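Here the structure comes first, spelled out in structure tokens, and everything after it is commentary.
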Amino acid sequence: MSESELDLDQLSDSERTALEMYMAVTSQEPSEAIPLLRRSEWNVQIAISKFFDGEGPDPLEEARSAMSQPPPPPHSNRRTQNLMTDDLTERLSQMTRVTDPAPRVNTQSGDQPAYRPPFIIALLFMPFNLVYRLLCGSLRLFGRLFPFLPRLFNRTANPALAGARQNTTGRRPLGPKDTAARFIREFEEEYESHSIPFLENGYNMALEKSHRDLKFLLVILFSPEHDDTSSWVRDTLLAPEVAEFINDPQNNLLVWGGNVRDSEAYQVSNSLRVTKFPFAAVVVHTPNVSSTAMSVVGRIPGITTPTEFVNKLRASVTSNQEPLERIRSSRAEQQASRSLREEQDSAYERSLAIDRERTRQRREAEAARQREEQEAAGRQAAEERRRRDLAQWKVWRAQSLSAEPGPDVKDTVRVSVRLPSGERIMRKFAPDADIEELYAVVDCYEALQDADAPAASEPEGFVHQYSFRLVSPMPRVVYPVEEGGSIREKIGRGGNLLVEPIEDEDVEDADDDEAEMS
């Protein structure tokens, strides 16, 4: 670790402040500045004098020795002055001076209609109006001959009366934003292209933007009555080094300009106590005063060179950059905390939404499962009931069948039906018996075998459908029960038939055919 780093770590806060002020003026390295400041007892002015005028004898030791010696002989009263030392002393005093507050101004909109009295009243008061104009013209001429009197009057007069000069320039009063736009337009027309980023809003809005964005506000005021305004603008304000410093984003500078012939700029000049034009001031938020305070931390009155202008701007910016950096860091931390909290809230909301979706899906799945179980139970119950009704119907239908005709009945029809199990049913039917009688015999074959079955009634609400059809094998002929007719008409005097089960697809096709026919 170097000696300068050790010295910097061992310095107190006041010594660090003195070192920064000394380095800002002399641009020396800490390794050279610290020994000189120590020899000067950390007195910045003495150290700067030693730097520019040479080390020479130590003024502190001379002062101590002077106290123990008799007073020196009288010398001449002629006053000598070191311009460089006085200039540096003045610069340091400006840097350490307490900042002035940056006041706001009360602006009025230029859209207010002008009051015009009736013609008769204007005619009656015309002599008084002429006398008033002559008096105002005389006072204006007197003020131009003695320019210090209006300034003195404006300082001592009521602030409400200080704005009486607002509308005496012949310029149309406009609102703050329109006034700023007019100033920029006139500036571009007179000085052509430039790179100064003037704000296109009023002074109060510029202060608000400077406070909100934590930037320095450079206020520039022009007076057309000043002869050196044009040369100062061309040679100093529009100089490349000044434009480069203003447009450097690291300096965080906002620029607002005004012409004192306008009402707002005139009020700003009075509020800032401008005594020399052209005038520039640096305004910035000062958190050590209050959370909303805006203060004037630098003044650049009168004609200056580009180097002097940049140096004064740099000194104002450098000396007030640290509080703004602290606020920016605090805001960045708050923004980071806010962003983190928003991300956490967003993640929580997403997680909550996912949990809600999962809960909804589980609830829907549970409801679907319960519904399927209920439907399955309903289908099972319906199937069991259908089976009971079918068994009851078969018993009832078997008991309601006509008896097989005896030998005395002529033209009986003898039918042999082969079941899917291989069994064969042989039965005689009356010639006028319906084909449904034959189907019932086949369907109720098991019930016919049980002679001891108890009596049964037709089940209520049950619609019976045969699950088979009777066909003739050679040639294949289907005898559907739906067509009806007697057995004698369909089969003749006798025949061999087969039981052919009806599949579900066949039932659906039959239903579709019936639907198309209908």
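Coordinate-derived values only; no laboratory data. Keep in mind that this is a model prediction, so the values were computed, not measured. FYI the Cβ positions are ideal-geometry reconstructions off the backbone, even for glycines, and counts take in every protein chain you see.
The table for this structure:
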read-out: Alpha-carbon centroids, the range 276-327 and the range 231-274: separation in whole Å; value: 12
read-out: Long-range Cα-Cα pairs in the range 305-436 (distance over 25 Å), rounded percent; value: 73
read-out: Gap separating the Cα centres of the range 202-216 and the range 340-367, nearest whole Å; value: 44
read-out: Taking the range 398-517 and dividing mean pair separation by its residue count, relative contact order in percent (alpha carbons under 8 Å, at least six apart); value: 32
read-out: Label-point separation, Thr26 to Leu498 (7 Å along Cα→Cβ), nm; value: 12.6
read-out: Difference of contour (0.36 nm per residue) and Cα-Cα distance, Met126 to Ile425; value: 93.7 nm
read-out: Cβ-Cβ FRET estimate between Gln334 and Ile354, R0 fixed at 22 Å, reported to 0.05; value: 0.15
read-out: Residue order, fewest to most beta carbons within 10 Å, for Met205, Met426; value: Met426, Met205
read-out: Interatomic Cα distance distribution for the range 121-319, bins of 5 angstrom, percent; value: 1, 7, 13, 18, 19, 15, 11, 7, 4, 2, 2, 1, 0
read-out: Global size of the range 391-508 as Cα Rg and Dmax, reported in angstrom; value: 14.5, 45
read-out: Relative contact order computed over the range 121-319 (Cα-Cα under 8 Å; 6+ residues apart), in percent; value: 21
read-out: Residue order, fewest to most surrounding Cβ atoms within 10 angstrom, among Trp232, Trp256; value: Trp232, Trp256
read-out: The range 212-282 - percent relative contact order, Cα under 8 Å, separation 6 or more; value: 54
read-out: Which of Ser329, Ser472 has the fewest Cβ neighbours within 10 Å, and the rest in rising order; value: Ser329, Ser472
read-out: Extreme residue, positive dipole direction of the range 398-517, given options Pro407, Leu419, Gly484 (C-beta unit charges); value: Pro407
read-out: Under the Debye formula (equal points on every Cα, no solvent term), log10 I(q)/I(0) of the range 299-375 at q = 0.17, 0.19, 0.22 Å⁻¹; value: -0.83, -0.89, -0.97
read-out: Segment Ser457-Arg172, length gained on full extension (0.36 nm per residue, minus Cα span); value: 91.4 nm
read-out: Computed E for Asp213/Ser193 - FRET, C-beta separation, R0 22 angstrom, nearest 0.05; value: 0.25
read-out: Separation in nanometres of the label points that stand 7 Å from Cα toward Cβ, at Glu15 and Phe142; value: 6.4
read-out: Size descriptor, Kirkwood hydrodynamic radius, that averages inverse alpha-carbon separations across the range 199-266, Å; value: 13.1
read-out: Summed side-chain charge close to Gln344 - residues other than Gln344 whose Cβ falls under 14 Å, Lys, Arg +1, Asp, Glu -1; value: -1
